[in-house]
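Below is one structure; the comments refer to it alone.
The values are calculated or read from the model by the stated rules, or taken from the named source; none is laboratory data. Since we're looking at a predicted model, the values are computed, not measured. Cβ coordinates were reconstructed from backbone atoms using ideal geometry, including for glycine residues, and neighbour counts include every protein chain displayed. Accessible surface areas use protein heavy atoms only, side chains included; no ligands, DNA or RNA. Shrake-Rupley method; radii C 1.70, N 1.55, O 1.52, S 1.80 Å.
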Amino acid sequence: MTTNESNPLLRPATTLPAFDEIRPEHVVPGIRGLVKEVEGMLEALERDVNPGWETLVDPIERMQDRLGFGFGIVDHLMSVKNSPPLRAAYDEVEPEVVKLLTRIGQSQPIYRGLVALRDGSAGRDLDPAQRRVVEKLIQEAELSGVALEGAARERFQQIRLELAELATRFGNQLLDATKAFALDLKASEEVEGLPASFLEMGAQAARAAGSETATPAAGPWRVTLDGPSYLGFMKHANRRDLRETLYRAHLRRASEGDLDNQPLIDAILRLRLEEAKLLGFETYADLSLSRKMAGAVSSAERLLDELLSASHGAAVRDLEELRAFMRDCGAAAEAAEIRQWDVPYWSERLREARYDYSEEQIRKYFPLPRVLEGLFSLAKRLFAVGVTPADGEAPVWHPDVRFFKVRNLDGDEIAAFYLDPYSRPAEKKGGAWMNEVVGRSRIFAPQGKNARLPVAYLICNGSPPVDGHPSLMTFREIETLFHEFGHTLQHMLTRVDLGLASGIRNVEWDAVELPSQFMENWCYHRETLVGLSEHVETKAPLPGELFEKIRASRTFQAGLATLRQLNFGFLDLELHHRFVPGGAETPFDVQRKVAARTTVIPPIPEDRFLCGFSHIFQGGYAAGYYSYKWAEVLSADAFAAFEEAGLERSEAVAETGRRFRETVLALGGSESPMEVFRKFRGREPTTAALLRHSGLAALAD
Ligand SMILES: [Zn+2]
């Protein structure tokens, strides 16, 4: 047992986390200590609310920061250094933290104080950034029901609970239904076309299901509806009838018997509408859009409509091209009546025929150290910042973790970040992400400084070095690194000193992917990509011919891919905006109606896709699926500013880069994202650049 004095989780957020000291046994006493401390702060604040910035907003930031820093460390360790004792400790304290954060967000005395601050005399002295922080705090409190009284308040809380429960059930039933289906294949002609790695996976699944003698060569093989198994089979299995069986099973998931999600969909849509009405909105989509950059359903739909008219013709052409290819391959009968289960399979054959490079071939050109060097030199060219290794200056959670400092070109230190580059399946979550350690903030400034400097976690899952070779990156991994570095830059290069609006904080949900997707564009810029390549053996740069293949594959079937995302985006908005729960139409009628405009092969009659649409019924994308395309439009348009300046003109690129830094990266959540975009671009965003990058522009004209 440790006393609170020696618990490293209780140290102030002006020092870096003591990863060399923190152990699972610190978590429960440490987090409980923090919760208690912050509860004390909250009670003191609520007892005597004084509606001024320093007396009300600063204390809110202090509470959030105190809790966020300590619990953030634990949360981080859960993702990168998981272990049974850590998980047990986390599970024990997590509900207490969530409860306290909810209590702060829904505090009526604080809410009334914020309204008094906004509307009273002190409000007139707020600068625009402070005003925006106050307004956002008020809005979030109102959307969590704080302004409701009596029966309405009770009903609201009940709806919230029911919706949380329904979302969990939706997810569980989908998971169970996914697990309940399996296709057990025994004859080798049933698995023709499938790659060796797939057969290994299939034999392993068969062994796990009791066929102890299953081998990759002789089977049996078990095919399931899990992502990798389902997608792999649809792309590679030669047997058309089996692809059809699997496709139909996939679209019927969780739509019948004990695991039927249909009644849950009805209930979720009904309760969301009721929640929206209690808060004074016409529809749930209105509620969702009120806190987003798009601002209104009409503007989200306008953007989707524009993309639809540009991509529908292209999708028809993609399908025609696929049919022609099938005929060339001697599959004329199938081409004449092409179905959903033909598209992934034949698209994959077409892709192979056109872009015959392998991932292994590409990887040899991209050792991680070289890629990092190239990425940092790009950051220097664009944003005038230097990134230098500072390993050993901060404790880390694993020997592979690196620590870097970021400086202005005059040498002024402005930020730092950790990089955890490799996968460690035993203890680290998959995927890639960026997170904050601490944000820039005036109120935590060390002696003699203006602000506490921001620090970030940048986490990837690349292959670790083997046999003395450095880690070799796939193209996708490079894109991912650039993406997460974009988020990291917005966190680090902020010039905002208000802790609640600096960096990535207070940025609208559909605008946060702007800097990250913007950075991805550089992976398709020849000089940049070739510049960070160096063959691990020959030291040669990436050949131009390989680069051209990578670039061309970016627009492969862009019409079909865009249409698919638009179909989901429209369907989501339609269900949360115009659909009347309990009325004459069912959600499946809505799906068919939307499909008539947004698909090139009509859905099969028994299509129950909605029963598996977890993004909107389980996750946070309700009336928000359009955001994928929204953010892509912003990032493509931002990149186009560099193209217009001339990518080969280094001075013009540097000048545009400085402007991007001083607007998108510097202003964070201190201004509305549309205003920030306008400051960078001189106008509002348009879809032109995205259409051009996707190869859809010519068809739109
Ligand atoms: Zn992202």
* Structure fact -> Two pseudo-spin positions, 7 Å from Cα along C-beta at R564 and at E244, lie apart in nanometres by 2.2
* Distant alpha-carbon pairs in segment 27-161 (separation over 25 angstrom), percent -> 37
* **Paramagnetic label zone (point 7 Å from Cα along Cα-to-C-beta, K679; backbone N under 17 Å) in segment 647-663** => 656-663
* **Dipole of segment 486-575, positive direction: furthest Cα of L529, G503, F556, with charges on the beta-carbon** => L529
* Asked: Got a sec to turn the phi values of segment 562-574 into Karplus ³J(HN,Hα) couplings, 6.51 cos²θ - 1.76 cosθ + 1.60 with θ = phi - 60°, whole Hz, x for Gly and Pro?
  -> 5, 4, 4, 5, 5, 4, 5, x, 5, 4, 4, 5, 4
* Between A182 and E643, what length comes free when the chain is fully extended (0.36 nm per residue of separation minus the Cα-Cα distance, one decimal in nm)? -> 161.0 nm
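Under a 1.4 angstrom probe, counting protein chains only, how are K539, K679 ranked by accessible area, largest first? Don't skip to the end; give the middle numbers.
Values: K539 120, K679 100 Å².
Largest accessible area first, the list is K539, K679.
With r as the distance between the Cβ atoms of T686 and H535 and R0 = 35 Å, compute the FRET efficiency 1/(1 + (r/R0)^6) and round to 0.05. Please report the intermediate quantities before stating the final value.
On the way: r = 40 Å, r/R0 = 1.14.
After rounding, the FRET efficiency stands at 0.30.
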* Structure fact -> Hull surface over four for the Cα convex hull of the chain, reported in nm², is 33.8
* To do: Give the relative contact order (percent, whole number) for segment 544-701; include only Cα pairs under 8 Å separated by 6+ residues.
  => 23
* Output the relative contact order of segment 486-544, whole-number percent, from Cα pairs under 8 angstrom with separation of 6+ residues. => 24
* **Two-site label geometry, S377 and D258: point separation in nm, points 7 Å out along Cα→Cβ** => 6.2
* Asked: Just how much of H250 is accessible, in Å², when a 1.4 Å probe is used and the result is rounded to the nearest 10?
  -> 40
* How long is the gain from E655 to H615 if the chain were fully straight, where each residue apart is worth 0.36 nm and the alpha carbon distance is subtracted? -> 10.5 nm
* **0 to 90° range, to nearest 10: angle between helix 58-80 axis and the chain longest Cα axis** => 40
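Regarding segment 65-114, what whole-number volume in Å³ per residue does the convex hull of its Cα atoms give?
Values: hull volume 3.5 nm³, N = 50.
Each residue corresponds to 70 Å³ of Cα convex hull volume.
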* Estimate the FRET efficiency between D119 and M41 by the formula 1/(1 + (r/R0)^6), using the beta-carbon distance for r and 25 Å for R0, to the nearest 0.05. => 0.50
* Theoretical FRET efficiency, 1/(1+(r/R0)^6), r = Cβ-Cβ of A196 and D589, R0 51 Å, to 0.05 -> 0.70
* To do: In whole angstrom, note down how far apart the Cα centers of segment 298-349 and segment 387-416 are.
  => 48
* Taking the Cα centre of segment 377-513 as origin, sum charge times position over the Cβ atoms of Lys and Arg (+1) and Asp and Glu (-1), and report the length of that vector in debye to the nearest 20. => 340
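Which of the peptides 424-435, 312-323 is most tightly packed, and how do the rest follow, going by the mean number of other Cβ atoms within 10 Å of each residue?
Descending packing order for the listed peptides: 312-323, 424-435.
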* Asked: Separation of segment 614-646 and segment 69-109 by C-alpha centroid, Å?
  -> 30
* To do: Might you work out the accessible area of R381 for me, using a 1.4 Å probe with all protein chains in place, and round it to the nearest 10 Å²?
  => 120
* Asked: Between the helical axis of 84-105 and the dominant principal axis of the chain, each derived from Cα atoms, what acute angle in degrees is found, rounded to the nearest 10?
  -> 60
* Asked: Pulled fully out, how much extra length does the chain show between S309 and E154, if you take 0.36 nm times their separation in residues and subtract their Cα-Cα distance?
  -> 51.3 nm
* Asked: Dipole size in debye (nearest 20) for the chain around its Cα centre, Lys and Arg Cβ +1, Asp and Glu Cβ -1?
  -> 540
* Asked: Just from its helices, what would the mean residue ellipticity at 222 nm be for the chain, if runs of 4 or more DSSP H residues each count -39500 (n - 2.57) and the sum is divided by every residue, rounded to the nearest 500 deg cm²/dmol?
  -> -17500 deg cm²/dmol
* Using Cα pairs closer than 8 Å and at least 6 residues apart in sequence, work out the relative contact order for segment 323-410, in percent. => 17
* **Farthest positive-ward along segment 164-323 dipole, Cα basis, beta-carbon charges - from F281, G193, A300** => G193
* To do: Take the Cα of D48, step 7 Å along the line toward its Cβ, and report every residue of segment 82-108 whose backbone nitrogen sits under 20 Å from that point.
  => 108
* With a cut-off of 20 Å, note down the residues of segment 610-625 whose backbone N falls inside the zone around a label point 7 Å from the Cα of V98 toward its beta carbon. => 614-622
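Over segment 468-562, what number does the Rg to Rh ratio reach, with both radii from the alpha-carbon atoms and Rh per Kirkwood? Could the numbers behind the result be given before it?
Numbers: Rg = 16.9 Å, Rh = 15.6 Å.
Taking Rg over the Kirkwood Rh, I get 1.08.
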* Cα→Cβ-extended label distance, 7 Å offset, between Y524 and D127, nm -> 3.8
* Asked: Can you give the accessible area of S309, probe radius 1.4 Å, in Å² rounded to 10?
  -> 90
* chymotrypsin sites (Phe, Trp or Tyr not before Pro) restricted to DSSP loop in segment 133-186 with at most 11 other C-beta within 10 Å -> none
